[in-house]
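Novice: Quick one: structure below, then a few questions.
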Protein chains: 2
Amino acid sequence: MKKVTINSVAEYAGVSKKTVSRVLNNEPNVSPATREKVLKVFKELDYTPNPIARGLARNRSFIIGCLYDNPSKSYITRVQSGALEACHKHNYNLLIHPCELRGEALIENIEHLLTTSRLDGLVLTPPFSDSQELIEFLKKKSINYARVASAIEDETSISVRSNDEQGAFEITEHLIALGHSRIAFIKGHPDHSATEQRFSGYKKALAEHNIAYDAELVAEGNFSYHSGADSAKEILDIQPRPSAVFASNDYMAAAVLKLATQSKLNVPEDISIAGFDNAPIARHIWPGLTTIAQPVEEMTRQAVEQLILQISDPEVEKTQITLEAKLIVRESTANI
Amino acid sequence: MKKVTINSVAEYAGVSKKTVSRVLNNEPNVSPATREKVLKVFKELDYTPNPIARGLARNRSFIIGCLYDNPSKSYITRVQSGALEACHKHNYNLLIHPCELRGEALIENIEHLLTTSRLDGLVLTPPFSDSQELIEFLKKKSINYARVASAIEDETSISVRSNDEQGAFEITEHLIALGHSRIAFIKGHPDHSATEQRFSGYKKALAEHNIAYDAELVAEGNFSYHSGADSAKEILDIQPRPSAVFASNDYMAAAVLKLATQSKLNVPEDISIAGFDNAPIARHIWPGLTTIAQPVEEMTRQAVEQLILQISDPEVEKTQITLEAKLIVRESTANI
DNA sequence: CGCATGTCTGACACCGGTGTCATAATGTCG
DNA sequence: CGACATTATGACACCGGTGTCAGACATGCG
């Protein structure tokens, strides 16, 4: 298997390598006949351009980096799969870069990543999409980036989100419709803008239905299963016990379910439980969790799509997109 | 921020770019004084070599591809994290490539991946690490690869595995020690060599303890939660009901638990359940699943480590490594 | 001291593409 | 038909490194 380069194609087709390059990039000013001839040679020799050489000449790597710091494996794989879809479509590759928001020297870490990998752009997933520090750094370095699932408005960044507040509003309303009025709430990680959004949706639904907000019913979590277990302990001890718990994500909701079951409570007869995210665990446990499904793949896909657009034409406007979240009712919530 | 290239370093240091290149690659035949001088300029100018240019000159991409087709998100992220660790250590990057073993034209898909991305090597995770077709293709193309978690012996491939048979043996023995003798078994996906290994460990433990193997107690699964639910239905209907179920992975075990709970059975009082893999779900549900923990990250890390060794020196021997799996006892198994 | 050997260094081509510019071929129009 | 614009093509430098080779210089040894 000898290598097929642009030179061999040019020689074989009897044209210069520049002309081959033109055909390759669909540039104008190639006569139809020549174009045909070269394309035929591509087929015949089974030629694939070398992305590394092309990258060197164009000062591009055709690689996009994906930053994340998220304990949810399912969230990460969904992000990856959406990002990959968009990347493949445009012949880009995806570099995954898990790292810690609060780790030592985040900026240095990213700077190192950028200089050693020469990425063409960066997709930021929460909590990075909410990090002002990081975003300012990227702007200063004029690195292209896209923000996924951040509630922070900023027309100078590409941003694709889903409506977390609306989702939280709907799921709370669902509980209220089932007759619940003492609904406990478990917050997410303070570094994520989704945390505030979901909390706000919860409060708005209460207000809308004239239920007084009770701070005693709100526990601090951080999206981890463990934190959910801690919050569950507090909540289940409140007297009188709340008749429903809405946790800011499914892992914490699963923890509430586990603790409730351990305490001999029946779900949903004794207590209703709702989550957020529609993680796999939501349907793998019994009873299945009522939750909000977000289009994570689609969000990331669109974010990367926009990012690639931006890379190829920096003049393009930075799009803001909001997608819908959807309520999914399972067995963990029921009439009071 | 102007670019710092090897040329600017050379000029600034007053040497030729070849000498700079020598220092960069720790080549011999550079006088200590010159080396010092160049190194100082590296610092001063904050120089980082361009991996793309280097890749072009050396015909290398410094990218390793990771192939997987696995429904378990936690498995995938563990694989990724082990692979990333090894890659970063050696300044390689990781390209993830989910694809389907039984999909149309696997070989074509991989061939396309290889020609468009110019990968330096491939890490194969199950079921790819067991695919004879793929491995023969890679050998023919002389692509470096490493196999993770395959039971198939082959001294001509790098291979890192854990002892699945031993793990299955131990967990079965654990159930036997608790007094169980009617132990149902749910098989994994037939494309994975682990499936046969775990089945074999189960049978060996029965034989060792003089318990007759009963084919009626064995159900076919494919590692998915859904297949576990199907098998669970069959198993729970067997008369008399088995007193324990050993599922080939935790997702299927979780499905058994869900169905048992729905049928008003108490776990572990009425029936013991054991899984395999120590997936997050094993500790997120109640009761927690007794299972076998495999060093997935470590396996992948070592596989990539060996792969990179192989890439830099093709003469090196292809190592075979077997790591230990560990029994983790939780609440889902108890005395009969 | 002369010659062989070993160490250090740089000139130059090359990896496989792309950008710039000059030039040839073709078309347009008064 | 000639002047001029437009299209088509290739020569050549360049991206930022690495490999090859030749030459300068130092050292060892008979």
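The values are calculated or read from the model by the stated rules, or taken from the named source; none is laboratory data. All figures in this text were calculated on a predicted structure; none of them were measured in a lab. Because the Cβ atoms are built from the backbone with ideal geometry, glycine has one as well, and the counts that use them run over all protein chains shown. SASA here: full protein model, heavy atoms, side chains in, ligands and nucleic acids out. Shrake-Rupley method; radii C 1.70, N 1.55, O 1.52, S 1.80 Å.
Novice: Here is a list of conditions, (1) over 42 Å from the mean Cα position of the chain (by Cα); (2) open to solvent by 40 Å² or more (accessible area, probe 1.4 Å), and B:Ala10 meets all of them except one; can you say which number that is?
Specialist: With (1) over 42 Å from the mean Cα position of the chain (by Cα); (2) open to solvent by 40 Å² or more (accessible area, probe 1.4 Å) applied to B:Ala10, the lone miss is (2).
Novice: Another question about this same structure. For A:Lys18, state whether it is within 16 Å of DNA strand D (Cβ to nearest atom), within 25 Å of B:Arg60 (Cα to Cα), open to solvent by 20 Å² or more (accessible area, probe 1.4 Å) and more than 9 Å from every other protein chain (Cβ to nearest Cβ). Lay out the reasoning, then the answer.
Specialist: Working: within 16 Å of DNA strand D (Cβ to nearest atom): yes; within 25 Å of B:Arg60 (Cα to Cα): yes; open to solvent by 20 Å² or more (accessible area, probe 1.4 Å): yes; more than 9 Å from every other protein chain (Cβ to nearest Cβ): yes.
Yes: the conditions hold for A:Lys18.
Novice: Turning to a different aspect of this structure: Going through the range B:6-54 one residue at a time, which ones are within 13 Å of DNA strand C (Cβ to nearest atom) and of a type in the set (Ser, Thr, Tyr)?
Specialist: Once the filter is applied, which keeps residues that are within 13 Å of DNA strand C (Cβ to nearest atom) and of a type in the set (Ser, Thr, Tyr), the range B:6-54 yields B:Tyr12, B:Ser16, B:Thr19, B:Ser21, B:Ser31, B:Thr34.
Novice: Condition (residue is within 15 Å of the chain's Cα centre (by Cα) and either at the interface with chain B (Cβ under 10 Å from one of its Cβ atoms) or among the charged types (D, E, K, R) (or both)) applied to the range A:98-108: is it met by at least one residue?
Specialist: yes
Novice: What helices (runs of 4 or more DSSP H), lying completely within the range B:224-336, carry at least 2 residues that are within 11 Å of chain A (Cβ to nearest Cβ)? Can you show your working first?
Specialist: Numbers: elements: B:225-237, B:250-262, B:281-284, B:296-312.
Fully inside the range B:224-336 and qualifying: B:225-237, B:250-262, B:281-284.
Novice: Would you be able to say whether some residue in the range A:162-183 is over 21 Å from A:Thr333 (Cα atoms), of a type outside the set (Gly, Ala, Ser) and buried (at least 19 other Cβ atoms within 10 Å of the Cβ)?
Specialist: As a first pass, look at the range A:162-183 and keep what is over 21 Å from A:Thr333 (Cα atoms): A:162-163.
Adding the requirement that they be of a type outside the set (Gly, Ala, Ser) leaves A:163.
From what's left, buried (at least 19 other Cβ atoms within 10 Å of the Cβ): none.
No.
Novice: List the pairs whose first member sits in the range A:37-59 and is hydroxyl-bearing (Ser, Thr, Tyr), whose second member is more than 9 Å from DNA strand C (Cβ to nearest atom), and whose Cβ atoms are under 9 Å apart, counting only residues at least 6 apart or on separate chains?
Specialist: Every condition considered, the pairs that remain are A:Tyr47/A:Val41; A:Thr48/A:Phe42; A:Thr48/B:His112; A:Thr48/B:Thr115; A:Thr48/B:Thr116.
Novice: I need every pair where a residue in the range B:12-28 that is under 16 Å from B:Thr48 (Cβ atoms) has its Cβ under 7 Å from the Cβ of a residue that is in a loop (DSSP other than H, G, I, E, B) and near DNA strand C (Cβ under 6 Å from one of its atoms), sequence separation at least 6 or different chains.
Specialist: Here the result reads B:Val23/B:Val30, each pair linking the range B:12-28 to a residue that is in a loop (DSSP other than H, G, I, E, B) and near DNA strand C (Cβ under 6 Å from one of its atoms).
Novice: Filter the range A:94-153 for residues that are among the small types (Gly, Ala, Ser) and in contact with a Lys or Arg (Cβ under 8 Å, 6 or more places away or on another chain); which is farthest from A:Gln310 (Cα to Cα)? Before the answer, list the steps.
Specialist: Residues of the range A:94-153 among the small types (Gly, Ala, Ser): A:103, A:105, A:117, A:121, A:129, A:131, A:142, A:146, A:149-151.
This time we only want the ones that are in contact with a Lys or Arg (Cβ under 8 Å, 6 or more places away or on another chain), so: A:129, A:149-151.
On the way: A:Ser129: 17, A:Ala149: 19, A:Ser150: 19, A:Ala151: 21 Å.
By that ranking, first place goes to A:Ala151.
Novice: Something else about it: Run A:Val30 past the list (1) part of a loop (DSSP other than H, G, I, E, B); (2) within 13 Å of DNA strand D (Cβ to nearest atom); (3) open to solvent by 60 Å² or more (accessible area, probe 1.4 Å) and report the number of the one that doesn't hold.
Specialist: (3)
Novice: Among the residues of the range A:206-213, is any without any contact (Cβ under 8 Å) to a residue 12 or more places away in the chain and assigned to a helix (DSSP H, G or I)?
Specialist: Checked the range A:206-213: at least one residue is without any contact (Cβ under 8 Å) to a residue 12 or more places away in the chain and assigned to a helix (DSSP H, G or I).
Novice: What do you reckon, is A:Ala57 within 12 Å of DNA strand C (Cβ to nearest atom) and among the small types (Gly, Ala, Ser)?
Specialist: Details: within 12 Å of DNA strand C (Cβ to nearest atom): yes; among the small types (Gly, Ala, Ser): yes.
When the stated conditions are applied, A:Ala57 passes them.
Novice: Looking at (1) open to solvent by less than 60 Å² (accessible area, probe 1.4 Å); (2) at pLDDT 95 or above, find the lone condition where A:Ser224 falls short.
Specialist: Condition (2) is where A:Ser224 drops out.
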